[in-house]
Amino acid sequence: MPDIQQKITIAIDGYSSCGKSTLAKDLASRLDYIHIDSGAMYRAVAFYILQHQIDIDDITAVNAALGQIDISFQYVSTEVHTFLNGADIENDIRSIAVSNLVSPVAAISTVRRALVTQQRMMGRNKGIVMDGRDIGTVVFTNAELKLFITASLEERIKRRTLDLKSKGLEATSEEIERSIVDRDRIDSTRSDSPLRKADDAVVIDNTQLSREQQLEVAYHLALIKIEQNIR
Ligand code: C5P
């Protein structure tokens, strides 16, 4: 058994609603690492832009907005919530309106640069599991473990529907499917940091895996990397 006090960096990327954040949260908790949902940071920026009715084609206004945005993560009882300028926005950022705006916002290079800088700061001491779209390819290119998660579209629609329901948010399954497919297309085809599998990432297709099974697979891969890192 390796000494799991030797902390590594774990990058988890993949398409929308394929369980990356759930896995990242479970893995971080098992290893006693920090978990950062980088998608929540892009959602927080999109929420601010929506709230202040900023035109995303007006780059000067978007850049000015970036200077007004302070994103943090804080515990609310046992759950980590996303905060924007001191307000808990965890539920607001999961709405369909934010989901529909977030990918165009995340395609703006100045937005990416601002958030990537913060993400690297959060990971400077290792012991972090971060999930997103460019974590293994851009944010932590030296991460000891990189995972690329996939699942069938049907399964992803099912999971997103349950997720929204559990937060008391409503959307039809057509809206959910369109939102997932559109986001994947924009995220994979944007010019700055498109979603792609890092060459050294391990692919996990979790369509047929339970939450516990996918955690076991990832945990064992992490233990191997921790052991290799000690040697
Ligand atoms: O992970 P989640 O689905 O909440 O991410 C929301 C959106 O944020 C993604 O569809 C993508 O446009 C953007 N994102 C990104 N880079 C990341 C994480 C998320 O561009 N590292």
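Quick notes
- Some residue of segment 214-221 being open to solvent by 60 Å² or more (accessible area, probe 1.4 Å) and free of Cβ contacts under 8 Å to residues at least 12 places away in the same chain: yes
- Candidate set: segment 115-128, residues that are open to solvent by less than 60 Å² (accessible area, probe 1.4 Å) and more than 13 Å from the ligand (Cβ to nearest atom); chosen: the one nearest to residue 63 (Cα to Cα): 128
- Where a residue in segment 195-213 is within 18 Å of residue 17 (Cβ to Cβ) and its partner, wherever it lies, is of a type in the set (Phe, Trp, Tyr) and surrounded by 11 or more Cβ atoms within 10 Å (Cβ to Cβ), with Cβ under 6 Å and at least six apart: 197/148; 203/148
- Restricting 42, 48 to those that are without any contact (Cβ under 8 Å) to a residue 40 or more places away in the chain, part of a helix (DSSP H, G or I) and within 15 Å of the ligand (Cβ to nearest atom) reduces the list to 48.
- In segment 20-32, the condition of being in a strand (DSSP E or B), touching a residue at least 24 places away in the same chain (Cβ under 8 Å) and either in contact with a strand residue (DSSP E or B) (Cβ under 7 Å, 6 or more places away or on another chain) or open to solvent by less than 30 Å² (accessible area, probe 1.4 Å) (or both) is met by no residue.
- Residues in segment 194-203 that are open to solvent by 20 Å² or more (accessible area, probe 1.4 Å) and touching a Ser or Thr at 6+ places or on another chain (Cβ under 7 Å): 194, 196, 203.
- Residue under evaluation residue 183, criteria (1) within 11 Å of the ligand (Cβ to nearest atom); (2) open to solvent by 60 Å² or more (accessible area, probe 1.4 Å), criterion not met: (2)
- Residues that are over 21 Å from residue 66 (Cβ atoms), open to solvent by 40 Å² or more (accessible area, probe 1.4 Å), in contact (Cβ under 8 Å) with a residue 60 or more places away in the chain and under 16 Å from the mean Cα position of the chain (by Cα) are absent from segment 131-149.
- Among (1) in a loop (DSSP other than H, G, I, E, B); (2) near the ligand (Cβ under 10 Å from one of its atoms); (3) not hydroxyl-bearing (Ser, Thr, Tyr), the one test that residue 101 misses: (1)
- Residue match in segment 71-86 (condition: part of a helix (DSSP H, G or I), at pLDDT 95 or above and crowded, with 19+ Cβ neighbours inside 10 Å): no
The values are calculated or read from the model by the stated rules, or taken from the named source; none is laboratory data. All values derive from a computational prediction rather than experimental measurement. Positions of Cβ are backbone-derived with ideal geometry, glycine not excepted, and every protein chain shown enters the neighbour counts. Calculation scope for accessible area: heavy atoms of the full protein, side chains included, ligands and nucleic acids excluded. Shrake-Rupley method; radii C 1.70, N 1.55, O 1.52, S 1.80 Å.
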